[in-house]
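First comes the structure, then the notes that go with it.
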Amino acid sequence: MPREFFAEGPLVRLSRELDVFGPLSSDPEPWMIAELDQHAAAVCESITRDGAEVTLQSLTRYLHGFIDGCRERGWDSDSAGYDWETLRLLAVCRLAKEHGFVR
């Protein structure tokens, strides 16, 4: 199987869906870059806290846990803005792209 091949998983689907909004495929505004940097750092800290590495599996597990938590709190993603949860999801997608887990 070619190195670039990735079966479509939750990170791929989410990245594709969030690319429609533009901030991952275009040049985001400075405030968004800062926000995404902070969220990405927090995600990495959460994953590596116990000695794990940021891998496709660990990032996918983080994503599933985060979305489960959002659902438990009743978060609704129909907002037109960039709330905290949306920014965290964008940061997860950015990490997935930076690590080569999605294109």
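Table for the structure above
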quantity	calculated
Within the accessible area of segment 29-96 (1.4 Å probe), percent carbon and sulfur	50
By average C-beta atoms within 10 angstrom, highest first, the peptides 44-53, 92-101	92-101, 44-53
Karplus 3J(HN,Hα) series, Hz, for segment 63-69 with 6.51 cos²θ - 1.76 cosθ + 1.60 (x for Gly, Pro)	4, 4, x, 5, 5, 4, x
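The values are calculated or read from the model by the stated rules, or taken from the named source; none is laboratory data. What you are looking at is a predicted structure, and each value in this text was computed from that prediction instead of being measured. Don't worry about glycine lacking a Cβ; one is built from the backbone with ideal geometry, like all the others, and counts go over all protein chains shown. We work out accessible area using only protein heavy atoms, side chains counted, and drop any ligands, DNA or RNA first. Shrake-Rupley method; radii C 1.70, N 1.55, O 1.52, S 1.80 Å.
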